[in-house]
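See below for the structure under consideration.
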Amino acid sequence: MRKGIWQEFDGYQDIVEEIKVSRKLGGTVSSAMVSAEEYIRQLHPDRLELCVSDIITETPSTKTLRLVSKDNYLPPFMAGQYIALYLEIAGIRTSRPYSISSQPNQVGYYDITVRRVENGLVSNYLLDVVKRGDTLISSGPAGNFYFNPLLHKKTMVCIAGGSGITPFMSMIREIIECALDRLVYLFYGNQTIDDVIFGAELNRISKRFDHIHYIPVIEEPSRKYEGACGFISRDVMREVLENIEDKSFFICGPQGLYDFCLPQIQEMGVPGRKIKQEMYGAPPNIWQYPGWPHEVHQDDVFTVNIKNGKQLTAKAGEPLLVALEKNGVVVPSLCRSGDCSMCRLKILSGKVFQPAGVPVRKSDKKYGYVHSCVSYPLENLEILIQ
Amino acid sequence: MNAFDVVVIGAGNGGLTAAAKLAQKGLNVLLLERHNVPGGCATSFCRGRFEFEVALHQLSGLGTAEKPGLLRMELEQLGVLQDLEFVEISDLYHVAASDGFRITLKTDRAETIAVLQDKFPHQKDAIQRYFDLMARYANDMISTFIFRDPEASRDKYPCLYKYALQNSKAILDEFFSDPLLKTILSLYSGYLGVPPTRLAFAYLAMLFFQYMEFKPYHLKGGSQALSNAILNKFLSDGGTARFNCGAKKIIVDKGQINAVVTDDDDEITTNYIVSNVSPVATYNHLIDPAQVPAATSVEIKGRNLSTSAFTLFIGFDCEPDQLDITETTNFLISTTDISDGIRDRMNRPDIQDDFMLLSCYDISDPEFSPPGTCQANVVTLKYGEPWLRIPPRRYHDVKFRCAESMLKRVEEIYPRVRDHIEEIEVATPLTHMRSLGHPFGAIYGYETLTKDSLFFQPGRYSPIQGLFFAGGWTGDQGFEPTLRSGISAAKSIIRRLGAE
């Protein structure tokens with residue numbers, strides 16, 4: 001090629017002039033020097049520094065932590081989204097996602113509502129140790145469990161179990177506060193009447209507003225109880241809902257709720273696309289899952305070698321992410337339910353169990369990447385954390 | 001060990017190929033990436049049972065084993081070709097207008113000419129002459145720039161000399177009078193991010209030529225498969241990658257690269273850096289301003305940022321035929337205005353008469369989405385700057401309002417889509433700004449104006465010794481150019497090291 005041949009092309013000189021002018025006046029790059037990063041931080045901050053401004057006892061086992069921002073700014077969120085708290089408890093650095101239970105129009109604080117989990121490292125810490133004035137570090141709001149106006153119908157059938165009420169609380173409070181044009185049927189399942197969170201507020205709201213229907217469903221009711229009993233079955237739903245047309249179904253709660261209710265909803269004839277399911281952490285008792293190899297016991301212990309890093313032991317019945325955290329290895333995490341891909345790492349050798357349906361990219365599977373929050377060691381492992 | 005032969009900052013297309021090439025040559029290479037997955041734009045994300053492709057529409061430069069394109073040759077030399085599975089796409093694109101007009105341009109040149117002549121009989125001769133011109137232009141270009149004819153001259157390559165730097169609209173106006181025909185033939189300008197009024201004919205002609213000669217391809221597993229394959233090769237060649245860890249600072253001493261400080265405050269000694277970060281951020285945020293030559297600052301500030309994009313990722317609970325989607329690549333149009341009015345539309349957040357591209361990969365690759373489902377990636381080009389004027393608290397409302405207007409346009413062409421949506425995700429220019437870190441969410445880097453093309457700008461080179469660039473900011477945009485840009489940067493470094 002002849003060097004600089006393009007200098008002979010028609011129009012070359014015009015462009016040389018153009019470049020001179022643009023260097024003199026500046027192109028759009030010059031205005032972008034004032035960084036857009038600050039704007040992005042207002043929407044999606046990496047970390048929030050929050051202060052516990054109030055602690056509200058909701059039930060004997062549940063409290064709401066009211067969190068205000070240390071720099072007086074809280075990013076907007078969609079009702080139903082969560083924040084992940086980043087904590088160090090007894091020397092273990094870990095994280096937990098909590099749905100925001102306050103509504104988005106409340107710009108002064110985020111509420112998170114925490115129920116005690118038996119032997120739960122984080123819930124017991126938040127309920128027993130954290131006190132007013134303490135600082136908590138969190139992610140920005142995240143998650144895909146929200147009313148999507150492109151997809152969802154105005155009539156929302158919300159099915160909650162236990163502490164799965166929290167995202168719905170945010171949605172319902174927003175609907176009331178912002179006078180949104182929606183119709184809500186909330187089926188809320190709990191073991192006993194004492195476990196119901198936000199019961200008084202939900203009763204009050206449903207009495208006052210025609211478009212909010214609240215149907216508590218109690219598994220083990222006291223003798224005096226007159227409401228719906230048992231599980232949230234299709235019969236319970238059919239009694240309230242005239243039909244399933246033009247409705248979107250939302251469901252949030254423990255695995256047992258999904259195992260029971262999802263088939264019930266499907267049996268009513270609701271197509272999968274109309275059902276939105278929230279994540280709810282790693283499944284408990286993973287060893288009872290379909291596909292778990294019977295020769296591996298939940299308490300079996302395996303060696304995990306981190307390439308260019310330390311060696312540790314991990315229990316089969318415990319997510320790899322948790323074993324890493326217990327040994328002082330911090331892997332970035334957010335949803336801790338297999339969905340967000342933050343805790344992705346590579347298995348170089350050895351086998352892990354991953355429950356069906358965890359969304360891992362096709363090519364990630366090919367190259368041995370797993371979401372460590374829902375991966376359970378079945379053999380000795382060598383892993384790569386990059 | 002805190003010294004590397006080369007540090008590559010950013011694991012986008014250009015960063016990945018640069019790192020892999022350097023490691024293949026036995027160099028000790030560190031690859032830094034602030035995200036937890038490799039790929040930059042070349043990535044995917046999961047929602048429900050869908051894995052959505054983010055960026056790749058039609059991969060160019062592959063060709064076949066018998067008649068390989070440049071990209072195939074380079075991927076083969078890199079040793080990743082056998083890890084990838086490609087599917088040839090039979091169409092250039094389908095055009096669907098809101099008034100019911102439909103046309104499909106095939107990759108076969110004669111077929112496409114015939115289809116166009118059938119729909120536009122009054123422009124029959126002009127169509128033939130225009131495609132002849134594109135072919136002649138491409139031949140001139142290849143003789144001079146690929147085969148490097150030392151005796152190139154105006155007499156020998158008249159098309160090249162006359163047309164290369166002219167804007168595409170001027171040429172279309174020269175050949176055609178029918179506005180719809182001109183619109184149809186200009187639609188690939190969207191792949192380069194500038195309207196035909198500002199796009200050098202060199203680009204439009206070469207894009208057509210590339211796709212007709214070497215065919216467009218779909219990649220099984222999407223672009224993440226490519227990113228993962230290149231990273232895997234890099235690792236198996238002994239490369240070190242650190243994810244969730246970007247570069248905080250580049251230390252320059254006496255005009256020479258000296259070290260990199262990572263986000264973890266790790267100082268790494270090196271004499272060579274491939275920056276897959278924008279030159280804007282490299283020179284303004286990573287390098288001490290005192291070390292940046294004044295001419296470089298002036299050069300950068302004189303340039304324009306490319307458009308960003310507004311995208312819907314839709315997962316459907318049915319096969320494409322139930323939605324009447326029959327082609328992989330579909331341009332949806334509701335106007336034949338290809339003047340600078342396109343730019344005005346791109347500068348408005350709202351979607352009205354914008355050109356839109358709907359890609360349904362399941363047509364070419366029925367295994368792409370789960371059985372009984374399909375997905376569509378619907379994109380239109382939008383500048384990022386107007387989005388910064390939206391108050392953060394209004395952002396979600398604006399995002400969904402724009403998405404709704406986009407969906408309505410899709411419904412005009414494919415009326416049944418709304419009843420089958422299972423998942424839908426919206427990416428705005430701010431989403432791109434956040435995930436790519438590019439100022440104004442510029443998906444293509446610098447604007448592809450003629451003045452910003454490789455003829456006139458520094459490309460991968462820097463006046464700072466040891467610093468090279470790779471990726472969309474260095475020259476041409478799209479998968480093939482960015483992948484190849486990394487190889488070029490790596491080769492430059494290998495040459496320098498060989499000379500030392």
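The values are calculated or read from the model by the stated rules, or taken from the named source; none is laboratory data. Predicted model only: the values in this text are computed from it and were never measured. A quick note on method: Cβ atoms are made from the backbone with ideal geometry, for glycine too, and the neighbour counts reach across all protein chains shown. Just the protein is used for accessible areas: all its heavy atoms, side chains included, with ligands, DNA and RNA removed. Shrake-Rupley method; radii C 1.70, N 1.55, O 1.52, S 1.80 Å.
Laid out as a table, the results:
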quantity: Gyration tensor (alpha-carbon) shape descriptor, region B:213-362, a/c threshold 1.5; calculated: oblate
quantity: Value at 222 nm in deg cm²/dmol, rounded to 500, when DSSP H runs of n ≥ 4 in the protein assembly as shown each add -39,500 (n - 2.57); calculated: -8500 deg cm²/dmol
quantity: Compactness of the protein assembly as shown, expressed as Rg and Dmax over alpha-carbon positions, Å; calculated: 28.7, 101
quantity: Charged-residue dipole, Cβ positions (Lys, Arg, Asp, Glu), the protein assembly as shown about Cα centre, Debye nearest 20; calculated: 1560
quantity: Tensor-based shape of region B:47-187 (alpha-carbon gyration tensor, a/c under 1.5 rounded, otherwise prolate or oblate); calculated: oblate
quantity: Burial order of peptide ranges B:155-161, A:250-256 (average beta-carbon count within 10 Å, highest first); calculated: A:250-256, B:155-161
quantity: Accessible area per residue in Å² at 1.4 Å probe, computed on region A:65-195; calculated: 36
quantity: Carbon + sulfur, % of accessible area of region A:155-277 - ligands and nucleic acids excluded, 1.4 Å; calculated: 44
quantity: Qualifying GluC sites (Glu not before Pro) for region A:278-386 [loop in DSSP, other Cβ within 10 Å: at most 12]; calculated: A:GLU295
quantity: Virtual spin-label span in nm between B:ALA3 and A:TYR225, 7 Å along Cα→Cβ; calculated: 7.2
quantity: Sequence ranges A:285-292, B:416-423, ranked by mean other-Cβ count within 10 angstrom, highest first; calculated: B:416-423, A:285-292
quantity: Interatomic Cα distance distribution for region A:46-138, bins of 5 angstrom, percent; calculated: 3, 14, 25, 29, 19, 9, 2, 0
quantity: Per residue accessible area of region B:110-211, 1.4 Å probe, in Å²; calculated: 39
quantity: Buried accessible area, chains B and A (both chains, 1.4 Å probe, Å² to nearest 100); calculated: 6200
quantity: Shape category assigned to region A:292-384 from the gyration tensor of Cα positions, a/c cut at 1.5; calculated: rounded
quantity: Per residue solvent-accessible surface (Å²) - region A:292-384, probe of 1.4 Å; calculated: 41
quantity: Using alpha carbons only: equivalent-ellipsoid semi-axes of region A:155-277, gyration tensor based, whole Å; calculated: 19, 19, 13
quantity: Cβ-Cβ FRET estimate between B:ASP178 and B:ALA110, R0 fixed at 22 Å, reported to 0.05; calculated: 0.60
quantity: Threshold 50 Å² - residues in region B:144-186 whose accessible area is reduced by that much or more when the chain is no longer isolated, probe 1.4 Å; calculated: B:PHE145, B:TYR161, B:LEU165
quantity: At least 10 Å² accessible surface lost relative to isolated chain, residues of region B:282-304 (1.4 Å probe); calculated: B:ASN284, B:HIS285, B:VAL298, B:GLU299, B:ILE300, B:LYS301, B:GLY302, B:ARG303, B:ASN304
quantity: Extreme residue, positive dipole direction of region B:1-129, given options B:ALA96, B:VAL8, B:ALA23 (C-beta unit charges); calculated: B:ALA96
quantity: Isotropically averaged projected area of chain B, using the convex hull of Cα atoms (one quarter of hull area), nm²; calculated: 23.7
quantity: Chymotrypsin sites (Phe, Trp or Tyr not before Pro) restricted to DSSP loop in region B:54-118 with at most 15 other C-beta within 10 Å; calculated: B:PHE101
quantity: Shielding by partners, peptide B:221-231 (average Cβ within 10 angstrom, other chains); calculated: 3
quantity: Antiparallel bridge percentage (DSSP; both residues within region A:292-384; nearest 5); calculated: 80
quantity: Sulfur and carbon atoms: percent of accessible area, region B:110-211 [1.4 Å]; calculated: 53
quantity: Partner chain coverage, peptide A:255-268 - average Cβ within 10 angstrom; calculated: 0
quantity: Within region B:185-224, backbone nitrogen closer than 13 Å to the virtual label 7 Å beyond the Cα of B:SER339 toward Cβ; calculated: B:197
quantity: Drop in accessible area of at least 30 Å² in the complex versus isolated chain, residues of region B:435-483, 1.4 Å probe; calculated: B:PHE440, B:LYS451, B:PHE455, B:PHE456
quantity: Degrees separating the helix B:124-141 axis from the principal Cα axis of chain B, which is the longest one; calculated: 10
quantity: FRET E, pair A:ILE193, A:ASP134, Förster distance 30 Å, beta-carbon r, rounded to 0.05; calculated: 0.40
quantity: Given charges at beta-carbon only (K, R positive; D, E negative), |dipole| of region A:46-138 in Debye; calculated: 100
quantity: Selection of trypsin sites (Lys or Arg not before Pro), region B:44-150, meeting DSSP coil and at most 16 other Cβ within 10 Å; calculated: B:ARG49, B:ARG148
quantity: Hull shadow area, averaged, region B:307-436 [alpha-carbon convex hull, nm²]; calculated: 8.1
quantity: Carbon plus sulfur fraction of accessible area for region B:307-436, probe 1.4 Å, in percent; calculated: 48
quantity: Dipole of region A:292-384, positive end: most advanced residue of A:ASN327, A:HIS371, A:THR313 [Cβ charges, Cα centre]; calculated: A:HIS371
